[in-house]
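Beneath this line is the structure, given in structure tokens, with notes to follow.
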Amino acid sequence: MAENIPADLKYTREHEWTRAKGHLIVVGITDHAQSSLGDVVYVELPKVGASLTEGKQFGVIESTKAVSELYSPVSGKVVNVNQALVDNPSTVNTDPYGEGWILEVEPSDTKQLDGLLDAAAYTALLQNT
Amino acid sequence: MALRTPLNEAHRKLGARMVDFAGWDMPVQYSSIIAEHEAVRRAVGLFDVSHMGEIEFTGPGALETANRLISNDLVRCKDGQAVYAGLLTEQGTFVDDVVAYRFSPERIFICVNSSNREKDFAWMREHAQGVKPVDRSSDFAQIAVQGPKAEALVQRLTKTDVSKAQVDTYRFTEGEVAGVKCIISRTGYTGEDGFELYCASDRAEALWNALLQEGQADGVMACGLGARDSLRTEMKYALYGNDIDEAHTALEAGLGWIVKLDKPGGFIGKQALEKQKAEGVQRKLVGFVLTGSGIPRHGYPILKDGQRVGEVTSGTMGPSVKKPIGMGYVPAALASEGATFDVEIRGRAVAAQVVKTPFWKKP
């Protein structure tokens, strides 16, 4: 299956993507993740202001069949959540890297991004699973 | 190794996502569960249900033997009629739920759940007084053709008249569909009109391909187990292992209508159900809608005033009803329409309300 893995993003092993936006980091789930989940019907988001810890669960995404946990790529504070997903969770399927973004984090340390996978490493991860 | 239906290769060619289902390698979806669900509600969908088992009773006494094993009544039926029924324990709980077909008093055919096939067969052999059952599961494949355009599609592929006037709901006939000899049964588990076609295993792929090809004009979609589950949940149709099992009686499951307590000869489980009916049912399977946010899932606790009083047996976001819906067993006092309770979702109590079912009604 051809996967859409944008070269300018960084990825986690749990199939989240991150995009630098000024001093903030935008987080979503990858095309591979949305495709594996199937039709997304529910997204449970943290509150703005919540603290996230790298590698810890911050929310839940549910498809018709499955419940999946969302893990934070970095530690930091939630500054914005994509409230539109509450009414239209299927946006995660149709535009995972765009309108389907999940939240914005102010990282406690920007160096955390260095520990994430680049597109080539994420591609290799998918090929080996 | 996982069991495979005769259509396994066909599913892979269509790009289906395959999963293990009760030991069978089955398609859960081809494109999208919601798209497949909607195709069945609006047009027509095909399901491979060849993993279901078929057990046959033939010869003198077949009708009487089989009828004593099931809760419904085949004696009251005509030849060419089928009934939904339970195979019940002495306690009135479910060994399985089945569809029994009366070809004649000397030929009864029972379709059983794949996960229960071996258990059912052993149970039938043990309890059959008279004719012995024969497991014919490997001889048959089964394709469900479901949706408002199912009749038109099947009719174009057969010379047999399959109109409702000839083959009404829960009636069946035999004929060739796309040149393949079939039992053509107006049954299904989606809440839509449609057929279940039983054919010889080695002809299943020819039949499947012909239905897919001819159905193009109708917007036919191959559908997986995911859509089958959401469709049946919207109808509050029970799934064995989730909503019905050996721990809950037919009356608790709200399936009193498939239990014929007055039929001559009786059936296994009758005495327990008569007693329960007289004493009153203490818990009931209800359909509910979440009024708070979340999706109910199998196994989630049902709470009243913070106390656990039951458990969700099935739940989903209903693609047609567009609400989070579920079923579960609750105390009788909480079983009437409008009653409220909470469903515990990841430690959070989410409000729910009992509603009239089926959840989905054709607009």
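The values are calculated or read from the model by the stated rules, or taken from the named source; none is laboratory data. Computed from a prediction, not measured in an experiment: that's the story for all the values here. Note: ideal-geometry Cβ built from the backbone for every residue, glycine included; neighbour counts use all protein chains shown. Note: areas computed on protein heavy atoms with side chains; ligands, DNA, RNA excluded. Shrake-Rupley method; radii C 1.70, N 1.55, O 1.52, S 1.80 Å.
Compare each residue of region A:34-51 in its chain alone against the assembly with all protein chains, and report those whose accessible area goes down by 10 Å² or more; 1.4 Å probe, heavy atoms.
A:35, A:36, A:38, A:39, A:41, A:42, A:44
Can you give the net charge of the other residues whose Cβ lies under 15 Å from the Cβ of residue B:172, counting K and R as +1 and D and E as -1?
Within the 15 Å Cβ shell, the charges total -3.
Considering only DSSP beta bridges where both residues belong to chain B, give the percentage that are antiparallel (nearest 5).
Antiparallel: roughly 95 percent of the beta bridges in chain B.
Contact order normalised by length for chain B, with contacts defined as Cα pairs under 8 Å and 6 or more residues apart; what percent is it?
Working: 854 pairs, mean separation 63.7, N = 363.
Computed value for chain B: 18 percent relative contact order.
Given A:52, B:84, B:3, which one lies farthest toward the positive end of the charge dipole of the protein assembly as shown, if we put +1 on the Cβ of every Lys and Arg and -1 on the Cβ of every Asp and Glu?
B:84
Just the number, please: percent antiparallel of the DSSP beta bridges in the protein assembly as shown, rounded to the nearest 5.
Of those bridges, close to 95 percent are antiparallel.
Of the heavy-atom accessible surface of chain B (probe 1.4 angstrom), what whole percent is carbon and sulfur?
Taking all protein chains in place, chain B shows 50 percent carbon and sulfur surface.
Okay, helix-only estimate at 222 nm for chain B: each DSSP H run of n ≥ 4 adds -39500 (n - 2.57), divide by all residues, round to 500 deg cm²/dmol; what do you get? Mind showing how you got there, number by number?
Details: 8 runs with 73 residues, N = 363.
Calculated at 222 nm, the ellipticity per residue is -5500 deg cm²/dmol.
Could you work out the mean count of beta carbons from other protein chains within 10 Å of each residue's beta carbon in A:60-70?
Taking the mean over all residues of the peptide, I get 5.
Grab the Cα-Cα distance for residue B:106 and residue B:333, subtract it from 0.36 nm times how many residues apart they are, and report the gain in nm with one decimal.
Numbers: separation 227, 0.36 × 227 = 81.72 nm, distance 4.56 nm.
This chain segment gains 77.2 nm when fully extended.
Just to verify a number: FRET efficiency for residue B:293 and residue B:176, C-beta to C-beta distance, R0 = 56 Å, to 0.05?
Numbers: r = 51 Å, r/R0 = 0.92.
Efficiency, from the Cβ-Cβ distance: 0.65.
In the protein assembly as shown, if the dipole is taken from +1 on Lys/Arg beta carbons and -1 on Asp/Glu beta carbons about the Cα centre, which of B:343, A:112, B:354 is farthest to the positive end?
Farthest along the dipole direction, towards plus: B:354.
Which value, in Å² and to the nearest 10, is the accessible area of residue B:221 when all protein chains are kept and the probe is 1.4 Å?
Roughly 50 Å² of residue B:221 is accessible to a 1.4 Å probe.
Could you sort the peptides B:82-89, B:155-162 by per-residue average Cβ neighbour count (10 Å cutoff), highest mean leading?
B:82-89, B:155-162
Summarise the accessible area of chain A (1.4 Å probe, protein heavy atoms) by the percent that is carbon and sulfur.
Here it works out to 48 percent.
Run the quick spin-label model on residue B:245 and residue A:36: label points 7 Å from Cα toward the beta carbon, then report their separation in nm to one decimal.
The modelled label-to-label distance comes out at 2.8 nm.
Identify which of B:333, B:43, B:250 has the largest mean-square fluctuation in a Gaussian network model of chain B, with springs joining Cα atoms closer than 10 Å.
Fluctuation is largest for B:333.
Sorting check: for B:354-360, A:18-24, which peptide has the highest mean count of neighbouring beta carbons within 10 Å, and how do the rest follow?
B:354-360, A:18-24
At a Förster distance of 51 Å, what's the computed FRET efficiency of residue B:126 paired with residue A:80, Cβ-Cβ distance as r, to 0.05?
0.20
Region B:221-266 to region A:80-129: how many Å between their Cα centroids?
So the separation of the two Cα centres works out to 41 Å.
Using alpha-carbon positions, what is the distance between the centroids of region B:105-173 and region A:22-49, in Å?
The distance from the Cα centre of region B:105-173 to that of region A:22-49 comes to 45 Å.
Quick check: net charge around residue B:3, other residues with Cβ under 13 Å of its Cβ, Lys/Arg +1 and Asp/Glu -1?
Taking every other residue near residue B:3 into account, the sum is -2.
How far apart, in nanometres, would the label points at residue B:75 and residue B:216 be if each is projected 7 angstrom from Cα along the Cα-to-Cβ direction?
5.3 nm
May I ask you to derive the FRET efficiency for residue B:275 and residue A:51 from their Cβ-Cβ distance with R0 = 41 Å, giving the value to the nearest 0.05?
So, using R0 = 41 Å, E works out to roughly 0.10.
Could you list, in their original order, any pairs among B:164/B:277; B:13/B:361; B:277/B:322; B:236/B:260; B:149/B:362; B:78/B:236 whose Cα atoms are separated by more than 24 Å?
Beyond 24 Å: B:164/B:277; B:13/B:361; B:277/B:322; B:78/B:236.
Can you give me the long-range amide H partners of residue B:314? Hydrogens built in the peptide plane at 1.01 Å from N, cutoff under 5 Å, separation of 5 or more residues or another chain.
Amide H neighbours of residue B:314, under 5 Å, 5+ apart: B:327.
If you filter region B:25-87 for trypsin sites (Lys or Arg not before Pro), then keep DSSP loop positions with at most 16 other Cβ within 10 Å, what is left?
Values: sites: B:41, B:42, B:68, B:76, B:78; in loops: B:76, B:78.
In loop regions of region B:25-87 (DSSP not H, G, I, E or B), the sparsely surrounded trypsin sites (Lys or Arg not before Pro) are B:76, B:78.
In percent, how large is the relative contact order of region A:28-118, given Cα pairs closer than 8 Å and 6 or more residues apart? Mind showing how you got there, number by number?
Values: 175 pairs, mean separation 28.8, N = 91.
It comes to 32 percent, rounded to a whole number.
Using DSSP to call loops (not H, G, I, E or B), can you name the chymotrypsin sites (Phe, Trp or Tyr not before Pro) in region B:279-342 whose Cβ has at most 16 other Cβ atoms within 10 angstrom?
none
Net charge near residue B:87, counting Lys/Arg +1 and Asp/Glu -1 over other residues with Cβ under 9 Å of its Cβ?
Residues near residue B:87 contribute -3 overall.
Just counting partner chain Cβ atoms within 10 Å, what average do the residues of peptide B:30-39 show around their Cβ? Provide the component values of the computation, followed by the final result.
Details: counts 0, 2, 6, 6, 8, 1, 2, 2, 0, 0.
So the per-residue partner count for this stretch is 3.
Across peptide B:218-231, how many C-beta atoms of other chains are within 10 Å of each residue C-beta, on average?
Rounded to a whole number, the mean comes out at 1.
Compute for chains B and A the buried accessible surface, both sides summed, probe 1.4 Å, and express it in Å² to the nearest 100.
Protein heavy atoms only, the B-A interface buries about 1300 Å².
Would you mind getting the accessible area per residue of region B:53-126, heavy atoms of the protein chains only, 1.4 Å probe, in Å²?
On a per-residue basis, region B:53-126 sits at 33 Å².
Probe 1.4 Å, all protein chains in place: accessible area of residue A:102 in Å², nearest 10?
The accessible area comes out at roughly 0 Å².
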